[in-house]
Each structure stands twice: as C-alpha cells, then as structure tokens.
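Here is the structure we will look at.
The values are calculated or read from the model by the stated rules, or taken from the named source; none is laboratory data. Just so we're clear, the structure is a prediction, and the values are computed from it rather than from any experiment. Here the Cβ is made from the backbone with ideal geometry for all residues, glycine too, and neighbour counts use every protein chain on show. These area figures cover heavy atoms from the full protein model, side chains too; ligands, DNA and RNA do not enter into them. Shrake-Rupley method; radii C 1.70, N 1.55, O 1.52, S 1.80 Å.
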Amino acid sequence: MTTAETAQKQGQARRDELRAQVLSIVEKQLRSGATYADINVASVVAEAGISRSTFYAYFVDKSTLLRTWYAEFTQVILNAVQSWWSLDGTATKADVRAALEVIMDAYRAHPELIAATHEAIGTDHGVREAVDDAMRRYIDGLRAHIETGQAEGSIDPSLPAAETAYWLQWMAERGLHRMVRAESESSQARLAEAYASIVWNTLYAPTRRNSG
C-alpha cells in the first residue's frame, strides 16, 4: 500500500469514527426530546469536543450528515429485505413473517434518526430526494419479486405488479416509521403478525387457495 493509499484509508477511518460519534450525539439529543429542527451544529460540536471547522470539513451541514446516514441505512434495509424477496413458492406465512421481522429489526435500531428523516422531508429538499430515491429502489425490488413470483405461480397473477409494489411499500414505510415507537413486545408482535398477514393475503394466499 502506498503512502497516499494509507493516508486515504486513515482519513476514511477518521471520517467513519467522527460520523458515528456525531450521529450518536444527535440520536441522544433527539431521544431527550429535541426535534431535528432544534438541533444545531454548535451544540453537537460542543458535545463532541470538536471544532466547527472539523465538523464542516466532513459534513458541510447537519443535512449532509443526515443524508449520509440515510444512504447507509437504505443499504442496510436493502440487505435485510433480501430475506423476503428471496422467498420462493415453498414459503409459508411463517417464513414471510420471519423475513419481515428482519426488516422491522433494522428499523428498530435507529428510531430517532428515522423520525428526524421524516421530519426533515418537509423542509429539506436533499433529504426528500434521498427518501424518494430509496423508495424507488424498494418499490423496484418488490415489483421484481412480484413479477418473478407471478411467473413461477407463487404470487397472485391478477395483481398489477408495479402498482401493488407501490402500495405495499409506501404503506410499509409509514407503518414501520410508526412501528418503531411501539413500546411493548406484545404490541411489536401484533404489528409483525398484522404486517405478515397483509403481505401474505395480498401476494401469496390466492395461489395457495387455488392450488389447494
């Protein structure tokens, strides 16, 4: 590894470390009751023990910080959702629920930052674009899963794939955003069961009934 490559690697490691530190502080402030609009760079850098110039060297502003986190979160969700989209015609409702719970667990990891992202959509064009782009990727992936299942005979062939994916994904996005605020394990379990029932009855149940 050359000196330049070593320096670049060290710089990226420092950036990742600083981003994790700053995001932890932002999450802490959100958890304490602050809104995304309330949080300012001055309070974050003061708690982090860094200068404003250091913060701006890495993030430009808090919007950039949030968009960077959301891009990483989107990839986490795309990885998690493969447990659902990889299911084939042998999948049971229990398999569907288990796959959806993987996605729910990913959302539960950062409820405050998810809430901040949704708050920022109304006022921050960059954040809104990031969310819209993520939703397009989710919808495209789900549509492909539906089309594959229809071709294989495991998903209701009468469904319009693109429109069904659109409805299911936007419904889930809002539901998951609200779901992460559910406090008890029993309420989480009921939400998981309801989510699985909606997906199962919409996509898979009709072919199981017809084949039976």
Q: Considering (1) among the hydrophobic types (A, V, I, L, M, F, W, C); (2) surrounded by 12 or more Cβ atoms within 10 Å (Cβ to Cβ); (3) over 16 Å from the mean Cα position of the chain (by Cα), say which one Ala172 fails and leave the rest.
A: (3)
Q.
Leu176 - would you say it is out of contact with any His (no Cβ under 7 Å at 6 or more places or on another chain) and assigned to a loop (DSSP other than H, G, I, E, B)?
A. no
Q | Number of the condition not met by Ile139 [criteria: (1) in a helix (DSSP H, G or I); (2) more than 17 Å from Met171 (Cα to Cα)] | A | (2)
Q: Go through (1) closer than 27 Å to Arg15 by Cα; (2) modelled with pLDDT of 90 or more; (3) not in a helix (DSSP H, G or I) and name the single condition Thr74 misses.
A: (3)
Q: Output the number of residues of segment 100-143 satisfying the condition of being open to solvent by less than 70 Å² (accessible area, probe 1.4 Å), of a type in the set (D, E, K, R) and more than 26 Å from Ala162 (Cα to Cα).
A: 2
Q.
Among (1) open to solvent by 20 Å² or more (accessible area, probe 1.4 Å); (2) closer than 16 Å to Val127 by Cα; (3) within 22 Å of the chain's Cα centre (by Cα), there is one condition Val60 misses while meeting the rest; what is its number?
A. (3)
Q) Of Lys62, Lys9, Lys28, Lys93, which residue is in contact with a Phe, Trp or Tyr (Cβ under 6 Å, 6 or more places away or on another chain) and either closer than 30 Å to Leu203 by Cα or of a type outside the set (Ser, Thr, Tyr) (or both)? A) Lys93
**Q.** Given (1) part of a helix (DSSP H, G or I); (2) surrounded by 17 or more Cβ atoms within 10 Å (Cβ to Cβ); (3) more than 19 Å from the chain's Cα centre (by Cα), index of the condition Ser154 fails
**A.** (1)
Q | Residue check, Val96 open to solvent by 60 Å² or more (accessible area, probe 1.4 Å), modelled with pLDDT of 85 or more, within 19 Å of Ile139 (Cα to Cα) and aliphatic (A, V, I, L, M) | A | no
Q) Could you say which residue among Ala165, Ala161 is free of Cβ contacts under 8 Å to residues at least 24 places away in the same chain, open to solvent by less than 40 Å² (accessible area, probe 1.4 Å) and touching a Leu at 6+ places or on another chain (Cβ under 9 Å)? A) Ala161
Q: Give Ala189, Ala130 a once-over and let me know the one that is more than 15 Å from Asp88 (Cα to Cα) and touching a residue at least 60 places away in the same chain (Cβ under 8 Å).
A: Ala130
